[in-house]
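All remarks here apply to the structure that follows.
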Amino acid sequence: MHARDELYIGGGWEPSAGPGRIEVENPATEEVIGYVPDGTPADMERAVAAARAAFDDGPWPRMSPAERAGALERFAGALTARTRELASVIVAETGLPTTVVNLAHVGSAVSTLGYYARMIRETAFEEERPGARFAFRLRQVPVGVVAAIVPWNIPLLGACAKIGPALAAGCTVVFKPSPETPLSACLLADAAHEAGLPPGVLNVVPAGREAGAALVAHPGVDMVTFTGSTAAGRRIAAVCAERMKRHQLELGGNAASIILADAPAERAAAAVVGMSLMNNNGEACIVQGRILVPRSREAELVEAIRVAAGRVPVGDPTDPATLLGPMITRAHRDRVLGYVESGIAEGARLVHGGGRPGKPDRGWYVEPTVLAGCHNGMRVVREEIFGPVVTVVPYEDEDDAVRIANDTEYGLSGSVYGADPERAARVGARIRAGCIYVNGTLRLDADAPFGGFKESGVGREGGREGLMEYLEPQVVFMPSRRP
């Protein structure tokens with residue numbers, strides 16, 4: 001049992017202002033595996049006050065970039081020492097397969113801190129410019145106190161993608177993990193404490209919606225960075241607009257994979273199944289569940305996709321052979337299966353899956369599911385399912401494929417598969433999305449800015465662009481020198 005009775009505020013572990021607990025359930029076993037305090041608005045008040053004091057009066061924003069880089073490297077080292085425990089806890093919290101967790105959720109998360117430590121050692125935070133009429137000094141200064149809110153599907157990776165650049169820039173942070181995955185957040189706090197971050201620089205308060213809303217609206221918060229649903233992102237943007245608060249939002253997606261007429265069937269089918277059905281249990285905003293196929297090859301490609309889906313190993317997420325684990329909760333499993341039922345009712349043809357697997361006999365599992373004969377007017381095609389379900393939509397020609405791909409409120413990612421990579425890249429360039437994959441599946445690169453167009457978000461995470469989200473340009477005009 002992973003038990004925590006305190007919150008990490010102001011550089012130490014403190015009791016919550018309320019008596020509530022958040023119990024964490026393993027989605028593969030349906031058993032309670034731990035608990036943490038359920039943070040309250042009063043707890044958020046204390047956390048913001050600690051972050052505010054650390055920013056306004058503490059050493060962190062006044063340290064040299066090299067000093068902050070050293071602290072981030074110690075932080076990364078403390079997380080690295082906890083790699084095995086972090087991976088075990090994240091698998092138990094989320095039901096994500098251990099292979100995926102070790103590679104992306106822990107390895108990539110820790111390397112993100114090191115990446116920003118290296119970046120700020122090489123970044124000029126101040127420069128002299130001649131100006132059009134007057135010379136000036138341009139400084140990049142930290143935004144201030146940052147509220148970082150992360151969902152359950154990327155508990156550590158999402159945290160480090162926000163905390164890393166925010167701390168590198170000189171900001172202080174109040175981090176609210178998802179109520180479904182607070183145990184790994186406590187390990188993150190342990191690592192920050194061991195690394196010797198000054199008090200109040202990072203505060204960790206697991207909580208639900210009420211305390212989260214109090215954090216977003218708090219006048220002591222200068223910026224909100226949020227990953228989650230588009231509906232929640234809209235509400236956060238509205239609150240931030242009232243105070244002209246900076247915000248960075250990484251929201252939903254409903255991306256398309258275009259298989260061109262000359263694409264090898266088996267290779268393309270394996271790639272789209274890997275990108276959709278085996279990508280984070282299908283619980284990822286970047287999933288490309290709309291598979292667009294040329295009508296002339298529809299039957300052939302549907303069959304290839306069905307065969308590829310049938311090869312997806314479903315089972316115990318602690319087994320290295322498993323590539324598809326359970327959904328995060330019973331309610332979410334039922335929601336995903338509800339989409340499948342809706343699609344069939346609208347005329348889609350169930351080609352594979354569509355229900356709960358026979359084994360394991362416990363846990364919130366959904367079979368890898370393929371629906372064919374779909375069109376872009378169906379709810380199951382238009383909405384973000386957030387589970388291991390793909391819909392196959394035929395198109396007439398290349399222009400029709402691009403039109404269908406762009407016929408969505410979202411614009412986070414997309415992919416194109418074809419015999420000629422350059423032609424596929426030209427088609428991909430016509431898709432209105434922030435990240436395009438050519439003949440490939442999900443790739444993570446800390447140097448690549450990640451984010452979306454349209455209702456998929458505002459701003460970017462990753463790369464230099466991710467650091468700049470947490471910096472404000474300040475112009476200083478110096479007195480002219482007399483001759």
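Bear in mind these aren't lab numbers, they're just calculated from the coordinates by the rules spelled out. Quick caveat: nothing in here was measured; it's all calculated off a predicted structure. Here Cβ is always computed from backbone atoms with ideal geometry, including for glycine, and neighbour counts include all displayed protein chains.
Please state, as a whole number in µm²/s, the translational diffusion coefficient that the Stokes-Einstein equation yields for segment 256-438 at 37 °C and 0.692 mPa s, with Rh defined as the Kirkwood radius across alpha carbon pairs.
Details: Rh = 16.2 Å.
D = 203 µm²/s.
Take every DSSP beta bridge whose two residues both sit in segment 256-438, then give the antiparallel share in percent to the nearest 5.
If I count the DSSP bridges inside segment 256-438, around 15 percent turn out antiparallel.
7 Å from Cα along Cα→Cβ at both Ala425 and Arg311: what's the point-to-point distance in nm?
Here the answer is 2.8 nm between the modelled labels.
Excluding the sites themselves, what is the longest stretch of the chain that contains no chymotrypsin sites (Phe, Trp or Tyr not before Pro) in a DSSP loop with at most 13 other C-beta atoms within 10 Å? Show your work: numbers first, answer last.
Details: sites that count: Phe134, Phe477.
Between exposed loop sites, the widest span is 135-476.
Can you pull out the trypsin sites (Lys or Arg not before Pro) in segment 55-133 that DSSP calls coil and that have at most 12 other Cβ atoms within 10 Å?
Of the trypsin sites (Lys or Arg not before Pro), the ones in loops of segment 55-133 whose Cβ has at most 12 other Cβ atoms within 10 Å are Arg133.
Taking only DSSP H segments of four or more residues, each worth -39500 (n - 2.57), what value at 222 nm results for the chain once the sum is divided by all its residues, to the nearest 500 deg cm²/dmol?
My calculation for the chain gives -11500 deg cm²/dmol from helical runs alone.
In whole angstrom, how far apart do the alpha carbon centroids of segment 218-232 and segment 444-480 sit?
Here the two parts' Cα centres lie 16 Å apart.
How large is the direction-averaged shadow of the alpha-carbon convex hull of the chain, in nm²? Can you show the working numbers first?
Values: hull surface 97.2 nm².
The Cα convex hull of the chain, projected and averaged over all directions, gives 24.3 nm².
Run the simple label-point estimate for Arg21 and Arg133 please: 7 Å along Cα→C-beta, distance reported in nm.
Here the answer is 6.8 nm between the modelled labels.
Looking at the chain, what % of its DSSP beta bridges pair antiparallel, to the nearest 5?
The antiparallel proportion sits near 40 percent.
Give me the extension gain from Ser296 to Glu242: residue separation times 0.36 nm, minus the current Cα-Cα distance, reported in nm with one decimal.
14.2 nm
Which distance in nm do the two modelled labels at Glu194 and Asp397 give, with both placed 7 Å along the Cα-to-Cβ direction?
Distance between the two pseudo-spin positions: 6.2 nm.
Kindly list the residues of segment 24-54 that lie in the label zone of Ala3, defined by a backbone N under 12 Å from the point 7 Å along the Cα-to-C-beta vector.
Residues 34-36 qualify, since their backbone N sits under 12 Å from the label point.
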